[in-house]
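Heads up, the thing below is written out as structure tokens.
Just so you know, all these numbers are worked out from the coordinates, no wet-lab data involved. On a predicted model such as this, the values are computed, not experimentally measured, just so you know. Here the Cβ positions follow ideal geometry from the backbone for every residue, glycine too, while neighbour counts run over all protein chains shown.
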């Protein structure tokens, strides 16, 4: 019998990629619950929302009565919780929304999930899981060496990462205290099609072709581990269907890159596939700006556990994934215009 997934944040970047994967590659029914904030858009579903197996509800996860009603109505086999405020710069400007959605919203869902789980019987109860999707930023910043593992001590440095760390701890507590079956995953920086234009890679692509300066924080030597979003969602599905109750799985792309190297790679691809009319190189648009407050130095994930226990490894290299991403943004200028709203590429989080 086909499974039903109750998925929060399914109109966001990673959530919409997961919806597209589940609708196109599996037979599950997806109950997509999204508040449709600035970063969520049904345009990101790539037509998956036309499927009769996609059920969309524009709701806020903080609304306990509505969440309880929807879970009772659809009787999901899994709850996959991706809904979150996720932009570090915005968390610096306005942390309140992050506390409300990421912490209070997660608490609300846990309470609803626990009540629902306690009502289940037999095989459905045995198979149920609450999957909390989090970030490697909860671990803080690495030095020049070392990797984040599932047992790395939490040390968040931004309002965003602190809110996600809080939600991770709540999920663990509901597992240990109330026996709610859970899995937690912490991923590295995602990139790929349908990412809201405020994030580094789409921001640089859009500014480059518009002939605008390409802003790089500090010296551009902060390091991130880049994960192609389509690889990530395949990992998420493995974790919720095959992961062990109470376990944490780190998902990484094995692609450590400095921010300046990422930007230069984008510029080189653009030089090749959409050269500037004046014959100059896109790298000439790079400009260095004041660094982000509390900017973490380096992130890098040790993804050996998920490879060993669940058989997942990323399919895309950074070189293949970034080329696909640049090409997609060049081909989908209409999507960028539809979802950008009031955001026009200005700097956030400069306090």
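Relative to the 2.2 N^0.38 Å rule of thumb, the chain has a C-alpha radius of gyration ratio of 0.97. Cα centroids of the range 85-114 and the range 292-325: 24 Å apart.
Extending 7 Å from Cα along the Cβ direction at residue 280 and again at residue 153 yields two label points whose distance is 4.9 nm.
From helices alone, the chain scores -12000 deg cm²/dmol at 222 nm; the rule is -39500 (n - 2.57) for each run of n ≥ 4 DSSP H residues, then divide by the residue total.
Computed from Cα atoms, the angle from the helix 318-331 axis to the main principal axis of the chain rounds to 80 degrees.
Multiplying the residue separation of residue 245 and residue 333 by 0.36 nm and removing their Cα-Cα distance gives an extension gain of 27.5 nm. Compute the helix-to-body angle for 105-119: its Cα long axis versus the longest principal axis of the chain, expressed 0 to 90° and rounded to tens. That works out to roughly 30 degrees. When only Cα pairs below 8 angstrom with a gap of at least 6 residues are kept, the range 38-176 shows a relative contact order of 28 percent.
Computed from the Cβ-Cβ distance with R0 of 45 Å, the FRET efficiency linking residue 99 to residue 289 stands at 0.95.
Counting beta carbons within 10 Å around each of 161, 134 and listing the fewest first gives the order 134, 161.
Need the full-extension length gain, residue 114 to residue 1, defined as separation in residues times 0.36 nm minus the C-alpha distance. One decimal, nm.
Gain on extension, residue 114 to residue 1, equals 38.3 nm.
Please state the relative contact order of the chain as a whole percent: Cα pairs under 8 Å, 6+ residues apart? Walk me through the numbers on the way to the answer.
On the way: 671 pairs, mean separation 66.6, N = 351.
This gives 19 percent for the chain.
By the gyration tensor of its Cα atoms, with a ≥ b ≥ c the square roots of the eigenvalues, what is the shape of the range 37-98: rounded for a/c under 1.5, prolate for a/b over b/c, or oblate? Here the range 37-98 falls in the oblate category. Shape summary: the range 53-143 maps onto an equivalent ellipsoid whose semi-axes, from the alpha-carbon gyration tensor, are 28, 16, 11 Å in decreasing order. By the count of other C-beta atoms within 10 Å, a proxy for reagent exposure, 20, 323 are ordered fewest to most as 323, 20.
Among the DSSP beta bridges whose two residues both lie in the chain, what percent are antiparallel, rounded to the nearest 5? Antiparallel: roughly 10 percent of the beta bridges in the chain. The value of relative contact order for the range 87-168, using C-alpha pairs under 8 Å at least six residues apart, is 46 percent. Helix 259-273 and the longest principal axis of the Cα set of the chain meet at an angle near 70°.
Note on 67, 80: ascending count of other Cβ atoms within 10 Å places them as 67, 80, the fewest first.
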